[in-house]
1. Select from region 67-111 the residues that are at pLDDT below 95, assigned to a loop (DSSP other than H, G, I, E, B) and of a type in the set (A, V, I, L, M) and list them in ascending order.
2. Which residues, taken from region 271-286, are part of a loop (DSSP other than H, G, I, E, B) and either open to solvent by 20 Å² or more (accessible area, probe 1.4 Å) or of a type in the set (Ser, Thr, Tyr) (or both)?
3. Can you tell me which residues in region 92-112 are within 30 Å of Glu247 (Cα to Cα) and buried (at least 24 other Cβ atoms within 10 Å of the Cβ)?
4. Any residue in region 125-136 that is at pLDDT 50 or above, crowded, with 21+ Cβ neighbours inside 10 Å, under 19 Å from the mean Cα position of the chain (by Cα) and over 27 Å from Gly306 (Cα atoms)?
5. Here is a check on your reading of the model: is Gln267 assigned to a loop (DSSP other than H, G, I, E, B), at pLDDT below 95 and under 19 Å from the mean Cα position of the chain (by Cα)?
6. List pairs: first residue in region 113-124 and farther than 14 Å from Lys79 by Cβ and modelled with pLDDT of 95 or more, second residue of a type in the set (Gly, Ala, Ser) and outside any loop (DSSP other than H, G, I, E, B) anywhere in the structure, Cβ distance under 9 angstrom, at least six positions apart or on different chains.
7. Just to be sure I understand, how many residues within region 249-262 are free of Cβ contacts under 8 Å to residues at least 60 places away in the same chain and open to solvent by 50 Å² or more (accessible area, probe 1.4 Å)?
8. Just give me the residues in region 214-244 being over 19 Å from Leu95 (Cα atoms) and open to solvent by less than 10 Å² (accessible area, probe 1.4 Å), in sequence order.
Amino acid sequence: MTENQGPKHKRDLTRRKVVVTGAGAVVAVGVAGGVAAGAFAGETGKKTPTPKAAGTSSEVCYTLTSETTEGPYYIDADKLRQDITEDKEGIPLTLSLRVIDNETCKPIANAAVDVWHCDALGLYSGYESLSSGGGGGAPTDAPSGTPTGEPPTDAPSGGTGGGGGGGHEEPTDDKRYLRGTWRTDRQGRVTFKTVFPGWYRGRCVHIHTKVHVSGTWTDAGYEGGTTCHTGQFFFDEESVLASAEVEPYSTSTTERTTLTEDTIYDQSGTAGGLLKLKYDKKNIAKGVIGSLTMGVDPEATNTGTGDSAQPDTASPSASAS
């Protein structure tokens, strides 16, 4: 996808299209989604004077959610679906999100929300040959499928790195597990069904996201619009340590970066993308509900690919970038 040049707040994306694939593209989240829908009840934010467009003086607004790099493994025109699990093993994760206009406090309806992340062993669909070291072979003590080798870095445009260049890499295969796009409802809510992500060297456990607005929903999918937010969701250390005791996460020999060591997470809690998690502390394998309200500026353009975005200097690998 080619990006127009110019000041950040003036840049628009070129024509964008998300295509519905097959009759099974629309997948209901079911009971788990219903449970997740109530996850925002206890969420608090920054109280501000009531904007003209807001409803009552009791409106709760949120600080702008942190913008981050897009990373090298984003695929535009991805599948339009809520259940992105496919056949991937892992702890069930219901991702329950809400998108609001930070200035007016109003929910943003009909936005297209992208999510994508690695599997339990750190592999990204569409890029398995890169996230497994280009087929260079795994260490003899590594389980099959464990990411190894020297991956590309996500350097800013014009920078250098292990094949990164401008940061984005073109897909190397046609797999699309753990990726999807779905539409926010009238309350700005959207829910995805997936699995708890794994980790790779240099990054803490995370999920990538984008929010697209001002586009058009058609029978074919979503077209046009701009990207007003590019960010990442993060998981607290307690949950990650618990997940590491469950297969297949427990089979990984990849060195893990903690939340406090991560170079992308800005340590600002929910404003920085830290998910609010609900799960059985004695048995995380039963499943996790992760919720977050994203405060965004629908008039802005934040693609996560410009020099203003912090470079994601790590990629899925068991080797240092």
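1. Matches in region 67-111: Ile75, Ala77.
2. Selection gives Tyr279, Asp280, Lys281, Lys282, Asn283.
3. Leu93, Thr94, Leu95, Ser96, Leu97
4. No; the residues of region 125-136 include none that is at pLDDT 50 or above, crowded, with 21+ Cβ neighbours inside 10 Å, under 19 Å from the mean Cα position of the chain (by Cα) and over 27 Å from Gly306 (Cα atoms).
5. So Gln267 fails the test.
6. Cys118/Ser131; Ala120/Ser243; Gly122/Ser131; Leu123/Ser131; Tyr124/Ser131
7. The qualifying residues number 4.
8. Residues satisfying the conditions are Gly221, Tyr222, Thr227, Cys228.
The values are calculated or read from the model by the stated rules, or taken from the named source; none is laboratory data. It should be emphasised that the depicted structure is a prediction, and the values quoted were computed from it without experimental measurement. Quick reminder, even Gly has a Cβ in these numbers, built from the backbone with ideal geometry, and neighbours come from all protein chains shown. Side chains included, ligands, DNA and RNA excluded: accessible areas come from the protein's heavy atoms. Shrake-Rupley method; radii C 1.70, N 1.55, O 1.52, S 1.80 Å.
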